[in-house]
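Have a look at the structure below before the remarks.
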Amino acid sequence: MPDSPPAPDLDLRLVRYFTAVAEHRHFGRAAEALHITQPSLSRQIRRLEQQLGARLLDRTPQGSRLTEAGEVFLPRAKALLRSAAQAAAHTRAAAEPSRITIGYTAGLIVTPAVRELRRRYPDADVRTLHLDWHERHTALFEHRVDAMVTRLPFPTEQAHVTVLYDEPRVLLVPLEHRLAGKESVTLDDIADEPLPRVADPAWNAFWRIDPRPDGSPAPDGPFVEALEDKLELIAAGEAVAITALPRVGALRPDLTAIPLHGVEPSHVVLATRAGDRSRLLAAFRKSARAHLGANGL
């Protein structure tokens with residue numbers, strides 16, 4: 001029986017670059033997310049394709065698309081990255097049993113709960129990490145964070161989720177907008193107002209309320225990736241946005257928030273991996289309920 005050809009020595013960094021391009025469907029946006037140049041990213045993808053002996057991506061006028069080989073490789077690439085992250089995390093856990101990293105997203109404060117955890121476990125290495133909205137699921141399941149305070153919706157399969165508190169949803173408009181100054185608005189008031197879109201369908205459905213209760217689609221606004229870009233579009237009068245009314249922090253001076261009636265609130269949650277049972281996670285969950293929950297901040 002002939003010997004099987006040797007398996008290629010895959011560079012996990014190149015695999016991660018490939019999954020980023022597959023996610024963004026665009027070399028430029030993927031390069032920006034990875035903080036590298038587009039020519040460098042193209043070279044790294046070609047290196048991976050050479051290692052595998054197959055073309056993974058085709059460029060198109062609209063961006064890029066997976067080849068048949070790329071479609072086959074993508075789920076295996078994601079599984080490979082998860083496996084590597086889990087191996088590293090379990091090794092660190094064995095060597096550093098008193099370490100935890102707590103992630104949080106825009107407009108949310110974890111300081112009181114983190115401070116309490118550090119007070120109770122002064123010898124523990126308690127770290128915090130700010131996450132962009134699109135990093136939430138990957139950061140948790142790639143073991144870059146052990147706990148995460150964020151807003152729903154996001155994929156919660158294999159996650160333990162604790163609702164900490166609710167935030168009313170509001171309409172964000174520029175100061176000169178026709179609705180600015182009103183005490184409240186409803187969906188009928190913004191039936192024809194374009195709202196920004198993102199790549200996450202669940203996020204669009206919740207924050208654009210798409211479809212509307214009567215089944216009609218929400219008007220499409222510009223596609224955005226970063227919060228700052230969304231705020232700039234709103235300030236320029238190109239769109240309005242439905243967002244949460246945070247407990248702390250101030251809006252840009254050229255924007256105003258109007259209470260939006262008739263919609264469910266945003267849910268702020270603590271998420272951890274379902275199988276994690278460390279004493280620090282249990283302690284942080286208790287601290288988060290006490291200091292970040294309904295009776296906290």
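Within straight cross-link reach of LYS230, meaning Cα distance under 23 Å, which lysines are found once same-chain residues fewer than 8 apart are removed?
LYS182
Subtracting the Cα-Cα distance from 0.36 nm times the residue separation, let me have the gained length for ASP123 to ALA87 in nm, one decimal. Don't skip to the end; give the middle numbers.
Details: separation 36, 0.36 × 36 = 12.96 nm, distance 2.44 nm.
10.5 nm is the gain from fully extending ASP123 to ALA87.
Tell me the Kirkwood radius of segment 223-274: reciprocal of the mean inverse pair distance over distinct alpha-carbon atoms, in Å.
13.4 Å is the Kirkwood radius here.
Note down the net charge around HIS267, summing +1 for each Lys or Arg and -1 for each Asp or Glu among other residues with Cβ under 9 Å from its Cβ.
Once positives and negatives cancel, what remains is -2.
Taking the dipole about the Cα centre of the chain, with the C-beta of Lys and Arg at +1 and of Asp and Glu at -1, give me whichever of THR37, ALA283, VAL163 is farthest to the positive side.
Among THR37, ALA283, VAL163, the one farthest towards the positive end of the dipole of the chain is ALA283.
Check each of the GluC sites (Glu not before Pro) in segment 126-233 and keep only those in coil by DSSP with at most 10 other C-beta atoms within 10 angstrom; list them in order. It would help to have the intermediate numbers written out before the result.
Values: sites: GLU135, GLU142, GLU157, GLU176, GLU183, GLU225, GLU228, GLU232; in loops: GLU142, GLU157, GLU176, GLU183, GLU225.
Hits after loop and neighbour filter: GLU157, GLU176, GLU183.
Calculate, axis by axis, the spread of Cα positions in segment 12-79 along the three principal axes, and write the results as whole Å, longest axis first.
The Cα atoms of segment 12-79 stretch 25, 25, 20 Å along the principal axes, largest first.
Using +1 on the beta carbon of Lys and Arg, -1 on that of Asp and Glu, and nothing else charged, what's the dipole of the chain about the Cα centre, debye to 20?
Values: 38 positive and 38 negative charges, 269 e Å.
Taking the Cα centre of the chain as origin, the dipole is about 1300 debye.
Pick out, in residue order, every one of the chymotrypsin sites (Phe, Trp or Tyr not before Pro) in segment 82-179 that is DSSP loop and has at most 13 other C-beta atoms within 10 Å; say none if there are none.
Sparse-neighbourhood loop chymotrypsin sites (Phe, Trp or Tyr not before Pro): none present.
Evaluate the chain: find the radius of gyration of its Cα atoms, find its Kirkwood radius, and give the ratio Rg to Rh.
Here the Rg-to-Rh quotient is 1.01.
Give me the Debye-computed log₁₀ of I(q)/I(0) at q = 0.11, 0.22, 0.23 Å⁻¹ for segment 169-264, equal point scatterers on Cα only, no solvent, two decimals.
One equal scatterer on each Cα of segment 169-264 leads to -0.28, -1.23, -1.36.
Throughout, read-outs are computed from the coordinates displayed, never taken from laboratory work. Since we're looking at a predicted model, the values are computed, not measured. Reconstructed Cβ throughout: ideal geometry from the backbone, glycine too, with neighbour counts over all protein chains shown.
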